[in-house]
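The values are calculated or read from the model by the stated rules, or taken from the named source; none is laboratory data. Please read all numbers here as calculations on a predicted model, not as lab measurements. FYI the Cβ positions are ideal-geometry reconstructions off the backbone, even for glycines, and counts take in every protein chain you see.
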Amino acid sequence: MCGIVAAVARREVSEILLEGLRRLEYRGYDSAGMALVDNEGQLQLHKVQGKVARLEEAQALDPILGCTGLAHTRWATHGPPAAVNAHPHVSHERIALVHNGIIENHEELREELAAAGYACVSATDSEVVAHLLHRAMAAGDSLFDALRGVVARLRGAYAIAAADKEDPHTIVAAREGSPLVVGVGIGENFLASDTLALRQVTDRFIYLEEGDLVTMTAASLTVCDAAGESVERPVKRVATGIETVDLGAYEHYMLKEIHEQPQALAATFSSGDGHRIRDAVFGDGAAAAFDSTRCVQIVACGTSYHAGLVARYWLEELAGIPCQVEVASEFRYRRRVAHRDTLLVTVSQSGETADTLAALRHAGAGEFLASLAIANVDNSSLVRESDLVFLTRAGTEIGVASTKAFTTQLVALLMLTIALGRRNGMAESQQQALIDGLHALPELVARVVALDSAIEELAGAFIHKHHALFLGRGVEYPIALEGALKLKEISYIHAEAYPAGELKHGPLALVDADMPVVAVAPTDELLDKLKSNLEEVRSRGGELYVFADGDAGFSAAPGLHLLPMPHAPEVLNPILYTVALQLLAYHVAVQKGTDVDKPRNLAKSVTVE
């Protein structure tokens, strides 16, 4: 969601801030701004509604320069998208502040400030923090002491960075419930909500813990805990130059990332040794935890939740392990009865998903045997706070609609299924068949990606539609959910997904020639049942778009449009059909002219409730 970049250096930092914001555009935002303390000690500010490009235009027309600065991309929560609501927020032309998160008690703080003579010009919850800082400093506090005192009064989640024009070479920051990292340079220091924002200037980072506060100048850096005591946080080196975030020959990041899936899947499965899934790939202590696991609880949001739904079929059918899957925002607020010896599995692309992280933190002491995080970002909060970790190898994913992060999650969950199944009576021959399938997966996915042109042609039928229905049975039902999600995310077509057997229980009432019905139809034990369901659609004049195994026995006909899929081991079909539906959503969105990589109202990393 919102993005923070801050810098204090001996050199001019405006371009560092702008480049950091460009690298954070994938997170989703609706306005942008930056503030710098110039060489005369004055606070200079640009704020715009819209994209970072508009901020660049404002900077080109009226350059603001300085060695200390803050920048921000805002995703609207309190107050609509508007320049007045954009960050940084300023108090009395002295304090500049940027904030990610939500301050839950902002209304009572606003009333308190109004009584003290402070007038808020924005509708945001963030501006009150700037005024609280100013009031504390006017009473004699230093910038750091003011911040420490103010955050102690805040309820909610925040990552905050602030600067004072009267202390022009210092930036202070704090975090609670929202990610913030320090970039360590030579004669300069930085802050950001994501390491990607700063990789052009450093490869050394400090991952701040909950409640940490930071004071930094160009030459010094101090981290304190919530009690104000100085603490040492490790400096970790993040490899740079391994992956590229350039578009290359692709028109959009989403298309690039769809095409990168064979390599990402192979990299994620590289932990296997060809004959066995090594427990150690899930972290120290995994073997002992898996030996005692009798049940699995998966918690996730959005696309990652769909990955969990697929894993439930695998864990129960292949490994014989009972599995529950729940949306994190519901799980964290529900009274639960956990089965004994339950492994808690959290799934998140960013490792910073607010509800998933809160679900992990709110799990009662002793409620679960152990916690396993499946994430794509090393050193993320979810990774640091879990007992066990499996890092997918998707690489940086820029497009808001997840593609390779999702399919690599499925690989990780299938590997977990094999590891647990080995302990629960899964035959060696079945284990080896699954491992052989994972080895074959990249080539099979490449064959699906090669269907790009055929899927692009199919997509033309959707661009003037307002609704679509996705159907699947068994393990393919979660893939229908994922296909519907992708289409609605980036094309803005309303799409729903149902188990095909539920057609007669309501959805069939919606079927007509104007509502395309997409079916996922691999060859499996439920194929004949699915065919019967699809005949119900045809008999009512519905237009079917069937993604089917070449051996499934479908033939193109009036009202039935066929996309032949490669034959594959049954366990791999969820991944292959996902890739095909990703391409369908992509081409529909392109033909409709939407912003594919940055769809409206959505954020890549959802770091607030």
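With surrounded by fewer than 15 Cβ atoms within 10 Å (Cβ to Cβ) and in the same structural domain as Phe282 (by TED's automatic domain parsing) as the only criterion, which of Ala513, Ala427 stands out?
Working: Ala513 fails: in the same structural domain as Phe282 (by TED's automatic domain parsing).
Result of the check over Ala513, Ala427: Ala427.
Name the residue, out of Glu188, Glu127, that is at pLDDT 95 or above and buried (at least 24 other Cβ atoms within 10 Å of the Cβ). Full working, then the answer.
Numbers: Glu188 fails: buried (at least 24 other Cβ atoms within 10 Å of the Cβ).
Result: Glu127 is the single residue among Glu188, Glu127 that is at pLDDT 95 or above and buried (at least 24 other Cβ atoms within 10 Å of the Cβ).
Sort out which residues of region 156-170 are under 34 Å from the mean Cα position of the chain (by Cα) and closer than 18 Å to Ala136 by Cα, and write them in order of number.
Of everything in region 156-170, those that are under 34 Å from the mean Cα position of the chain (by Cα) and closer than 18 Å to Ala136 by Cα turn out to be Ile160, Ala161, Ala162, Ala163, Asp164, Thr170.
Of everything in region 186-229, what is in a loop (DSSP other than H, G, I, E, B) and under 19 Å from Gly101 (Cα atoms)? Give them in sequence order. Before you say what the answer is, go through the steps one by one.
Of the residues in region 186-229, the ones in a loop (DSSP other than H, G, I, E, B) are 186-187, 193-194, 199-203, 208-212, 217-220, 225-229.
Within region 186-229, Ser193, Asp194, Leu208, Glu209, Glu210, Gly211, Asp212, Ala226 qualify.
On the basis of being within 20 Å of Leu602 (Cβ to Cβ) and among the polar types (S, T, N, Q), does Ser453 make the cut?
On the way: within 20 Å of Leu602 (Cβ to Cβ): no; among the polar types (S, T, N, Q): yes.
In short, no.
So Leu36 fits all but one of (1) more than 23 Å from Gly185 (Cβ to Cβ); (2) without any contact (Cβ under 8 Å) to a residue 40 or more places away in the chain; (3) crowded, with 19+ Cβ neighbours inside 10 Å; what number is the exception?
Evaluating Leu36 over (1) more than 23 Å from Gly185 (Cβ to Cβ); (2) without any contact (Cβ under 8 Å) to a residue 40 or more places away in the chain; (3) crowded, with 19+ Cβ neighbours inside 10 Å leaves (1) as the failure.
Would you call Arg199 under 29 Å from the mean Cα position of the chain (by Cα) and more than 21 Å from His72 (Cβ to Cβ)? Spell out how you get there, then give the answer.
Numbers: under 29 Å from the mean Cα position of the chain (by Cα): yes; more than 21 Å from His72 (Cβ to Cβ): no.
No.
Please identify the pairs in which a residue from region 300-323 that is among the charged types (D, E, K, R) has its Cβ atom under 8 Å from the Cβ atom of a residue that is surrounded by fewer than 22 Cβ atoms within 10 Å (Cβ to Cβ), counting only partners at least 6 apart or on another chain.
Sorted first by the residue in region 300-323, then by its partner, the pairs are Arg312/Gln324; Glu316/Pro322.
Residues of region 81-116 being under 23 Å from the mean Cα position of the chain (by Cα) and more than 16 Å from Val151 (Cα to Cα), which ones?
Pro81, Ala86, His87
Hey, does region 396-410 have a residue that's among the aromatic types (Phe, Trp, Tyr) and either in a helix (DSSP H, G or I) or surrounded by fewer than 23 Cβ atoms within 10 Å (Cβ to Cβ) (or both)?
Of all residues in region 396-410, those among the aromatic types (Phe, Trp, Tyr) come to 406.
Right, trim to either in a helix (DSSP H, G or I) or surrounded by fewer than 23 Cβ atoms within 10 Å (Cβ to Cβ) (or both) and you get 406.
Yes, region 396-410 has at least one match.
Of Thr392, Thr408, which residue is touching a strand residue (DSSP E or B) at 6+ places or on another chain (Cβ under 8 Å), hydroxyl-bearing (Ser, Thr, Tyr) and within 30 Å of Glu176 (Cα to Cα)?
Matching residue, one of Thr392, Thr408: Thr392.
Please enumerate the residues belonging to region 428-461 that are modelled with pLDDT of 95 or more and not in a helix (DSSP H, G or I).
Within region 428-461, Ala450, Leu451 qualify.
Kindly indicate whether any position in region 156-176 is surrounded by fewer than 15 Cβ atoms within 10 Å (Cβ to Cβ) and touching a residue at least 60 places away in the same chain (Cβ under 8 Å). Before the answer, list the steps.
Narrowing region 156-176 to residues surrounded by fewer than 15 Cβ atoms within 10 Å (Cβ to Cβ): 166.
Now drop any that are not touching a residue at least 60 places away in the same chain (Cβ under 8 Å), which leaves 166.
Yes.
Can you tell me which residue is surrounded by the most Cβ atoms within 10 Å (Cβ to Cβ) among those in region 95-119 that are of a type in the set (A, V, I, L, M, F, W, C) and out of contact with any strand residue (DSSP E or B) (no Cβ under 9 Å at 6 or more places or on another chain)?
Taking region 95-119 first, the residues of a type in the set (A, V, I, L, M, F, W, C) are 95-98, 102-103, 109, 113-116, 119.
In the following step, the residues that additionally are out of contact with any strand residue (DSSP E or B) (no Cβ under 9 Å at 6 or more places or on another chain) were identified as 113-116, 119.
On the way: Leu113: 21, Ala114: 13, Ala115: 8, Ala116: 11, Ala119: 9.
Result: Leu113.
Surrounded by fewer than 18 Cβ atoms within 10 Å (Cβ to Cβ) and either under 21 Å from Asn573 (Cβ atoms) or charged (D, E, K, R) (or both): does that describe Asp355? Lay out the reasoning, then the answer.
Numbers: surrounded by fewer than 18 Cβ atoms within 10 Å (Cβ to Cβ): no; either under 21 Å from Asn573 (Cβ atoms) or charged (D, E, K, R) (or both): yes.
Spelling it out, it is not the case that Asp355 is surrounded by fewer than 18 Cβ atoms within 10 Å (Cβ to Cβ) and either under 21 Å from Asn573 (Cβ atoms) or charged (D, E, K, R) (or both).
Do we find that Val181 is β-branched (Val, Ile, Thr), under 25 Å from Val377 (Cβ atoms), in contact with a helix residue (DSSP H, G or I) (Cβ under 7 Å, 6 or more places away or on another chain) and not assigned by TED's automatic domain parsing to the domain that holds Ala354 in this structure? Walk me through it before giving the result.
Working: β-branched (Val, Ile, Thr): yes; under 25 Å from Val377 (Cβ atoms): yes; in contact with a helix residue (DSSP H, G or I) (Cβ under 7 Å, 6 or more places away or on another chain): yes; not assigned by TED's automatic domain parsing to the domain that holds Ala354: yes.
Here the answer is yes, as Val181 does meet what is asked.
Taking Thr403 as the residue in question, decide whether it is within 30 Å of Ala556 (Cα to Cα), modelled with pLDDT of 95 or more and among the hydroxyl-bearing types (Ser, Thr, Tyr). If you could, list the steps in order and put the result at the bottom.
Details: within 30 Å of Ala556 (Cα to Cα): yes; modelled with pLDDT of 95 or more: yes; among the hydroxyl-bearing types (Ser, Thr, Tyr): yes.
Here the answer is yes, as Thr403 does meet what is asked.
Name the single residue, out of those in region 468-499 being in contact with a strand residue (DSSP E or B) (Cβ under 7 Å, 6 or more places away or on another chain) and among the hydroxyl-bearing types (Ser, Thr, Tyr), that is surrounded by the fewest Cβ atoms within 10 Å (Cβ to Cβ).
Tyr498
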